[in-house]
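These notes concern the structure reproduced below.
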Number of protein chains: 2
Amino acid sequence: MENLEIKSIFFKDDMLYLIDQRKLPLKEEYFACNNYKSVYKAIKDMIVRGAPAIGIAAAYGMVLAAKEFLYENKGNFLSNLINAGNYLRKSRPTAVNLSWAIDNLLNIAAKHKDKTPEEIYYLLYDKAREMEREDLLTNKKMAEFQDEIIPQKATILTHCNTGALATVGWGTALGVIRTAFYSGKDIFVYADETRPRLQGARLTAWELMKENIPSKLIADSVAATLIRDGKIDLILVGADRIASNGDTANKIGTFMLSVVAKTYNVPFYVVAPSSTFDLSIKSGEDIIIEERSPDEVLKIGNTQIAPKDFPVYNPAFDVTPHENITAIICEKAVIRKPFSENIAKLSEEK
Amino acid sequence: MENLEIKSIFFKDDMLYLIDQRKLPLKEEYFACNNYKSVYKAIKDMIVRGAPAIGIAAAYGMVLAAKEFLYENKGNFLSNLINAGNYLRKSRPTAVNLSWAIDNLLNIAAKHKDKTPEEIYYLLYDKAREMEREDLLTNKKMAEFQDEIIPQKATILTHCNTGALATVGWGTALGVIRTAFYSGKDIFVYADETRPRLQGARLTAWELMKENIPSKLIADSVAATLIRDGKIDLILVGADRIASNGDTANKIGTFMLSVVAKTYNVPFYVVAPSSTFDLSIKSGEDIIIEERSPDEVLKIGNTQIAPKDFPVYNPAFDVTPHENITAIICEKAVIRKPFSENIAKLSEEK
């Protein structure tokens, strides 16, 4: 099983196609972007979500911006490109892959600023393509570490969606599960539904179903009892940003799982590409947590589930302290404690 | 504020009226029962929910059964009454108040078995009325203990609905909050939405709004971060059944809160009438946990939120071990550790 049926993102004939993740699992539709502002919209409205997928979408957003500014003079071309990058950067505040991808492309433009806009455009296009390929390779490399952490028979708890939909393909935490399953291990998955946006119910369940991986869906608060009762062998989650000390921002609910896992000695793994590390920040305290619309909690689809306009606190992410994490799996290694040292070492290897 | 606008349950002209809690907060409609089988349906389908409210509904269900069998001969009258009790008992397995209420009425029938069916019917009716009045008085007595546990200014986290809707009026955990608020304390409430049935979003938010108690709604998994960050002064929850050692069955999600509260030293209180104690069981291990329909997780209203027929594990309750509980508040006392001893003492006082 080398190629999945699930294609979350592809670029063709100057158009970026994103599977509309708001409509899954009921409809499999693609949202087409022909300019960077519609890529901004797609990221902001969570048509595309998942830190790695957001990164690649933003990279193609920069390619579309370059195309748009192609016939401007060089100065305008470059400054417009920087402005487009800053605009795209604001679409979501927490995932570091977004800025990482934009900076990658802006660095190439800066490095080749003496070339023509058209030449620069092709360089950006090639870079985005490369990043897309790299994302898949990175996922597969991380997933190979399943050898080291998943026993022959295992019940695994996961949160949110970290699968093919959250990436270019395969996935981070769910990618590890997928590889373990295809390697012939006896895997059972409990998927947290992941309120408020229900990425677990809508997206992870959909991916698990597509591949017939044995699994059950649970309300987020059921996980604690399963963990206490010894029904979970390990927990695998993704990450949106990892500080230099290993503190990890991920989907709201991750921290709660980590507290229960620590209390009952269940291994808790974060799976994320090295582009998720943000060495510019010391700890989780410096991570900006995005607060989203009250309607995500007050409504489901068009159904009002709480009194209209009732006040809501709706943070999209939380921060899991490094003490609660057993190991962080990236494409280079299974990083264990002490995290600060080992993360620093690994990034020097770059 | 002695009488609430909110009336969850009342009996009039041989009819039991229950506010239809499935339709709140969008519609305020009453469901009318004129026989015990429709009371069974109302409890099973959660038209009425909340352990104390279920108890009173079942008591009136027995009154309706007595009315139905009034013209049978005495032997049939009594045996039909016992059968009706056993039928009603099966409507929900976890709340002990249900059996407690049915047994109360059957004991009266047994004690007065030499009287005529009509005389017994009136005795049962009087007992149900008395239990209804008692429930409200009990709530108010528990709520007075707010003096002892709630500071002048407090941010309180609560789970599920334990208010006027879960009882005849006022409430258990939310009753304590209500009394603290009306006593002039500076109270702020975070209400867990409480998946899967969203009693927090639908019912607690509705009650808080009706009385203008300052509050915000959160997804269940947000609570952990608030607790860690010192934003919660205390946690108040209800109970469906309390074992003799203090282990407490309550709405799914309660256990998770208790683990996080214990980790970060936040006081965790259970508020429940003494009818919630089940001294016939030693510990939480003996409590039967009701598993409900997968559709509660797969759908919200008529909106499908996960792939159709995806497997689900949907326990309605979990068990919080007594070690995680700071105190149990009933109408008689604030019960502190050691729970086994203090619960035994209290029940001897009966």
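Odds and ends about this structure:
- Hydrodynamic radius of segment A:301-349 per Kirkwood, over alpha carbon pairs, in Å: 14.5
- Semi-axes of the equivalent ellipsoid for segment B:271-325, Cα gyration tensor, largest first, Å: 32, 12, 10
- Checking the Cα-Cα distances for B:K251/B:K299; B:K7/B:K74; A:K231/B:K251 against a 29 Å cut-off, the pairs over it are B:K7/B:K74.
- Inter-label distance, nm, simple model (7 Å from Cα along the C-beta direction), B:L70/A:E118: 9.7
- Working note: Debye formula, equal point scatterers on the alpha-carbon atoms of the protein assembly as shown, no solvent; log10 I(q)/I(0) at q = 0.10 Å⁻¹ is -0.93.
- Pairwise FRET efficiency - A:D126 versus A:N34, Cβ, R0 = 22 Å, nearest 0.05: 0.65
- Close amide H pairs (under 5 Å, H built 1.01 Å from N) link B:V189 with B:I156, B:S215, B:K216, residues at least 5 positions away or on another chain.
- Here B:N107 and A:F10 are evaluated by their C-beta separation; at R0 = 60 Å the FRET efficiency comes out at 0.25.
- As a calculated quantity, the FRET efficiency between B:D286 and A:Y87 at R0 = 51 Å, using C-beta atoms, amounts to about 0.25.
- Of all chain B residues, the one whose C-beta is nearest the axis that brings B onto A, in angstrom: B:I300, 2
- Of B:R22, B:R202, B:R133, the one that fluctuates the most in a GNM where chain B has Cα springs shorter than 10 Å: B:R133
- Residues along segment A:311-332 losing 30 Å² or more of accessible surface when the other protein chains are present rather than the chain by itself (probe 1.4 Å): A:P311, A:Y313
- Structure remark: mean-square fluctuation, Gaussian network model of chain A, C-alpha springs under 10 Å; the largest value among A:D278, A:D309, A:D135 belongs to A:D309.
- The heavy atoms of A:C160 offer some 10 square angstrom of accessible surface to a 1.4 angstrom probe.
- Shown for segment A:107-242 is the translational diffusion coefficient from the Stokes-Einstein equation, using the Kirkwood radius over Cα pairs, a temperature of 37 °C and a viscosity of 0.692 mPa s: 200 µm²/s.
- On association of chains A and B, roughly 4100 Å² of accessible area becomes buried (total for both chains; probe 1.4 Å).
- Inter-copy spacing of B:A32 label points, which lie 7 Å from Cα along Cα→Cβ, given in nm from shortest upward: 5.9
- Chain B - Debye-derived log10 I(q)/I(0), Cα point model, q = 0.10, 0.12 Å⁻¹: -0.58, -0.84
- For the protein assembly as shown, a crude dipole built from +1 on the beta carbon of Lys and Arg and -1 on the beta carbon of Asp and Glu, taken about the Cα centre, is about 440 debye to the nearest 20.
- Once C-alpha pairs closer than 8 Å and six or more residues apart are averaged by separation and normalised to the residue number of segment A:41-170, the relative contact order reads 36 percent.
- Ligands, DNA and RNA left out, the accessible area of segment A:48-132 computed with a 1.4 Å probe is 51% carbon and sulfur.
- Amide H contacts under 5 Å for A:I19, placed H, 5+ residues apart: A:I9, A:F31
- Segment A:1-48 - percent relative contact order, Cα under 8 Å, separation 6 or more: 32
- Within segment A:1-104, chymotrypsin sites (Phe, Trp or Tyr not before Pro) in DSSP loop having at most 11 other beta-carbon neighbours inside 10 Å: A:Y71
- Note on segment A:194-265: semi-axes of the ellipsoid equivalent to its C-alpha gyration tensor, largest first and rounded to whole Å, are 21, 17, 12.
- Distance from segment A:190-209 to segment A:318-350 (C-alpha centre basis), Å: 26
- Contact order normalised by residue count of chain B, Cα under 8 Å, 6+ apart, percent: 15
- Compactness of segment B:40-110, expressed as Rg and Dmax over alpha-carbon positions, Å: 11.7, 36
- Calculated label separations, A:D286, copies of the chain, 7 Å along the beta-carbon direction, nm: 5.6
- DSSP H segments from chain A that extend 30 Å or more along their own axis, Cα-based, with Kyte-Doolittle mean of 1.6 or above: none
- Helix-only arithmetic for chain A: the sum of -39500 (n - 2.57) across DSSP H runs with n ≥ 4, divided by the residue total, places the mean residue ellipticity at 222 nm at -12000 deg cm²/dmol.
- Set the Cα radius of gyration of segment A:233-326 against 2.2 N^0.38 Å, with N its number of residues, and you get 1.25.
- In sequence order, segment B:235-247 has phi-based couplings of 10, 10, 9, x, 7, 9, 6, 10, 6, 5, 8, x, 4 Hz under the Karplus curve 6.51 cos²θ - 1.76 cosθ + 1.60, θ = phi - 60°, and Gly or Pro positions carry x.
- Taking the convex hull of Cα positions in segment B:122-169, its mean projected area over all directions (nm²): 4.2
- Over 22 Å apart at the Cα level, from the set A:K27/A:K67; A:K12/A:K111; B:K23/B:K44; A:K27/A:K210; B:K90/B:K308; B:K111/B:K140, are A:K27/A:K67; A:K12/A:K111; B:K90/B:K308; B:K111/B:K140.
- For segment B:1-159, accessible area per residue (1.4 Å probe, heavy atoms of protein chains only), Å²: 46
The values are calculated or read from the model by the stated rules, or taken from the named source; none is laboratory data. All figures in this text were calculated on a predicted structure; none of them were measured in a lab. For neighbour counting, all protein chains shown are included, and Cβ atoms are generated from backbone atoms with ideal geometry for every residue, glycine included. Areas reflect the complete protein model, heavy atoms only, side chains present, ligands, DNA and RNA absent. Shrake-Rupley method; radii C 1.70, N 1.55, O 1.52, S 1.80 Å.
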